[in-house]
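Every number in this text was worked out from the coordinates using simple rules, so none of it is lab data. Remember, predicted model here, so these are calculated numbers, not experimental data. Note that we place each Cβ from the backbone using ideal geometry, even for glycine, and neighbour counts take in every protein chain shown.
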Amino acid sequence: MAESGTLLLDGALSPQRVFLTEASTKNELLDLLIREMGLCGEVDDPQAFETAIFTREELMSTGIGLGIGVPHARISSVRRIIMAVAVNKVALEDYESIDNLPVQIVFMVAGRPDQQSSYVRLLAVLSHLVKQESNRKALLGADSTEQLYHIIRNAL
Amino acid sequence: MELGILLILGIGVFGGILGAWLFQKLHIPQVIGYIAIGLIIGRSGLGIIGDVQIPTLRPFSFLALAFIGFLVGGELEGKIFKQYGRQFMGIMLGEGLGAFAIVGLGTGFILWLVTGSLPASIAGGLVFGAISSATDPASTVDVLWEYRSKGLLTTGLISVVALDDALALTLYALGTSLAGVLVGGEVNLMELLKTLGIELVGSGVLGAGCGLGLSWLLKHSKSADRSLTLLVGCLLLIAGVSLAFQLDVILCAMAAGATLINHAPHRSKPLLETLRAFASPIYVMFFVMVGARLQLAAQPSWLWGIVAFYVVGRTIGKYAGTWIGAKLSKSPPLLQRYLGMGLFAQGGVAVGLSMMAGQHLSGVEVIGGLDLGSVVVSAVTATTLLVQLIGPACVKWAITKTGEIGRNVTEEDIIATLSVSDVMQTELTTIKEGELLNQVFDKFAHHDQLSFPVVDQQGACLGVISIDSLKSLFVEQDIWGWMLAGDVMVPIKDIIKASSSLADAMELMIQMDTEETILRDETSGLPIGLFDLRSAKRSVSKRLVQQQGV
């Protein structure tokens with residue numbers, strides 16, 4: 001049975017992987033999140049993870065609209081589903097979203113190839129979360145990473 | 001150097017298998033190959049199995065008869081008899097009495113021409129006629145099993161060969177007693193009838209009792225191994241008790257097999273299959289022994305006349321008798337036309353009866369110091385060789401003409417002959433890794449395919465999306481517009497290959513709890529087929545129906 005959204009998010013997110021960033025390009029922001037994900041001890045091969053994230057972006061941008069980006073990849077060197085969140089100071093014009101709007105909120109997700117069901121469920125939960133304008137406004141208005149973390153947790 | 005009994009058994013079984021293989025190459029039933037090897041290594045050939053070894057190996061032949069009898073009995077299901085019992089009985093009486101009449105009259109006439117003695121000629125004719133009515137169930141059924149025959153003719157053949165031993169024993173008892181009276185011996189008709197009654201009824205009762213006991217034991221048996229051991233033990237007891245009380249081993253075992261199959265059909269069918277496989281080397285040795293026992297010594301020319309007439313007359317009698325019996329009992333035309341062709345084999349019962357006649361009639365001199373008993377033994381030995389070479393081939397001809405060859409197959413038999421490439425779907429629609437989930441759902445909606453290979457730009461297969469894996473995405477329509485096929489595909493495990501045997505592949509799929517998998521080329525990575533468990537099972541069922549001719 002699929003895990004509930006709250007449980008999935010609880011397992012994947014930790015306060016140490018929530019950031020307020022000041023990147024000026026999409027690649028700069030993705031590199032930063034990849035590096036931070038690589039430091040948490042759940043990614044055995046950060047290089048492979050970086051390749052997987054950028055290969056996925058080459059297929060199609062993960063800018064899903066409404067100023068949201070969800071870069072994601074499943075590779076075998078990831079131990080379990082994890083995610084990182086960044087709210088950038090400025091909206092990134094070069095993200096190439098499907099609605100052509102600049103991206104300011106980014107959720108990076110990593111999982112194992114055999115975790116298809118939970119992985120898809122988590123991405124759907126995130127998509128549902130940011131569809132509500134109040135949630136997006138709250139995220140963009142956060143002053144600290146602690147506040148950002150609590151907004152995400154309480155939104156579910 | 002004298003060969004030990006185990007070495008002789010080894011030579012017999014291996015030689016028999018070699019003979020069977022050679023004869024099968026010539027499209028001749030394997031049983032003839034076994035007998036031919038027996039002839040080569042037996043009394044008439046190299047003498048490896050000679051006068052010393054044959055009595056030692058006799059208990060082995062009785063055990064083989066018990067196995068054969070039990071398996072033949074296991075084919076006699078009551079429902080068949082309810083439907084065709086009258087017809088089979090009519091045919092059995094027709095073929096048995098037909099052979100008895102023609103062989104009896106003809107051989108009696110030849111004996112009268114040679115000896116001029118009417119009583120001795122009638123006595124000889126009666127005994128020859130009675131012996132000629134028996135049909136060998138072992139070699140007949142062996143051909144049916146070898147060619148996996150199934151159908152009305154097959155059922156008819158098994159039923160008739162199973163039943164006509166009893167007729168042969170009755171005719172023999174009556175014939176020998178009359179012969180004894182005619183030639184002035186001390187044979188008492190009432191005594192013989194009593195002995196016959198005890199033999200037939202005793203065999204039936206002992207067999208039925210063993211069948212019921214076995215059914216009870218099998219009900220409490222926890223494993224297939226234990227069940228087989230119980231069955232083999234029971235057959236050893238049947239053979240031993242039958243011999244100790246002078247009952248008929250094959251009839252007794254047949255009664256046990258028939259009782260078991262009708263009392264506990266579900267429990268006994270798999271066991272009979274196991275026994276058939278287990279008994280294979282025992283059969284081989286049995287038929288090699290049949291060949292080895294035959295002795296083709298120099299005989300007077302008139303005896304060859306008896307042999308020739310016996311074979312021709314018996315063949316005509318069996319065929320014509322079957323036709324008449326089938327007509328009178330209103331049997332289907334298929335049985336009228338072909339069943340007689342399957343009843344020419346002559347084996348253990350005939351040889352056994354000739355041995356008994358050899359003792360009963362040893363005091364009746366025919367001509368030039370030759371006694372009637374020896375004439376019967378020599379002639380029946382020679383005719384057995386001839387009809388054992390002709391009989392199985394005729395059985396094969398009959399089941400070929402009626403299209404019953406190869407119909408007795410199971411799904412397991414079909415599966416064993418196939419590999420994954422035989423049943424996999426090769427015309428595949430692929431999904432590119434960069435296609436959106438919207439497009440993926442669209443493909444599933446428009447193609448009759450349960451799984452799609454997900455490929456990269458070069459067409460190499462990266463993973464698979466199955467209808468099952470899509471189920472979790474039905475409710476997540478929010479993501480259909482931005483998730484790609486590559487995001488949701490399941491990686492391929494490559495455990496099953498196109499060249500894998502279907503049996504292994506199906507077992508693996510069940511172990512992995514997977515319904516379908518995509519197969520890809522080992523070097524190029526291109527998808528080459530979809531192996532879907534449900535389609536594979538459908539394909540097997542289709543082939544089974546085609547092969548069974550349903």
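Near the amide H of B:Arg520, within less than 5 Å, lie the amide hydrogens of B:Ile528, all on another chain or at least 5 residues away, with H placed in the peptide plane. Taking a ≥ b ≥ c as the square roots of the eigenvalues of the Cα gyration tensor of the protein assembly as shown, is the shape rounded (a/c under 1.5), prolate (a/b larger than b/c) or oblate? It is prolate, given that a/c is not under 1.5 and a/b is the larger ratio. For segment B:188-330, the calculated P(r) over all alpha carbon pairs, in 10 Å bins from 0 to the bin holding the longest distance, is 10, 24, 27, 27, 10, 2, 0 percent.
Pairs from the list B:Lys269/B:Lys537; B:Lys79/B:Lys269; B:Lys150/B:Lys269 with a Cα-Cα gap above 21 Å: B:Lys269/B:Lys537.
The GluC sites (Glu not before Pro) of segment A:12-52 that meet both conditions, a loop assignment by DSSP and at most 16 other Cβ atoms within 10 Å of the site Cβ, are A:Glu22.
Coupling constants for segment B:85-100 follow from the phi torsions by the Karplus curve (6.51 cos²θ - 1.76 cosθ + 1.60, θ = phi - 60°), and in residue order they are x, 5, 5, 5, 5, x, 5, 4, 5, x, 5, x, 6, x, 5, 4 Hz; glycine and proline get x.
In order along segment B:436-447, phi translates into HN-Hα couplings of 5, 4, 3, 5, 4, 4, 4, 5, 4, 6, 9, 10 Hz, rounded to whole numbers, per the Karplus curve 6.51 cos²θ - 1.76 cosθ + 1.60 with θ = phi - 60° and x for Gly and Pro.
Which of rounded, prolate or oblate describes segment B:1-100 when judged by the alpha-carbon gyration tensor and an a/c cut-off of 1.5? Here segment B:1-100 falls in the prolate category.
Using the C-alpha gyration tensor of segment B:414-548, what are the square roots of 5 times its eigenvalues, in whole angstrom, with the largest one first? Kindly include the intermediate steps, with their values, before the conclusion.
Working: eigenvalues 158, 52, 31 Å².
Working through the eigenvalues yields semi-axes of 28, 16, 12 Å.
When the charge dipole of the protein assembly as shown is built from unit charges on Cβ atoms (+1 for Lys and Arg, -1 for Asp and Glu) and taken about the Cα centre, the candidate among B:Ile5, B:Gly73, B:Val475 whose Cα reaches farthest toward its positive end is B:Gly73.
What is the mean number of Cβ atoms from other protein chains located within 10 Å of the Cβ atom of each residue in peptide B:468-481, rounded to a whole number?
Rounded to a whole number, the mean comes out at 4.
At full extension, B:Val409 and B:Lys79 could sit 116.7 nm farther apart than now, given 0.36 nm per residue minus the alpha carbon distance.
Using the Kirkwood formula over every pair of different C-alpha atoms, what hydrodynamic radius in Å results for segment B:501-550? Across segment B:501-550, the inverse of the average 1/r is 12.3 Å.
Peptides A:118-126, B:11-19 ordered by packing proxy, namely the average of other Cβ atoms within 10 Å per residue, highest first: A:118-126, B:11-19. The length gained on full extension between B:Ala277 and B:Ile467, counted as 0.36 nm times the residue separation minus their Cα-Cα distance, comes to 64.2 nm. Each Lys and Arg adds +1 at its Cβ and each Asp and Glu adds -1 at its Cβ; summed about the Cα centre, chain B shows a dipole of about 1800 debye.
For A:110-120, what's the mean count of beta carbons from other chains sitting within 10 Å of each residue's beta carbon?
Mean partner-chain Cβ count within 10 Å for A:110-120: 3.
Among the residues of B:483-489, the average count of other protein chain beta-carbon atoms within 10 Å of the residue beta-carbon is 6. Cα gyration tensor of segment A:5-155, axes a ≥ b ≥ c as square roots of the eigenvalues: rounded (a/c below 1.5), prolate (a/b > b/c) or oblate? Judged from the Cα gyration tensor, segment A:5-155 comes out rounded (a/c under 1.5).
Each listed q (0.07 Å⁻¹) maps to a log10 I(q)/I(0) for chain B from the Debye sum over equal C-alpha point scatterers, namely -0.52.
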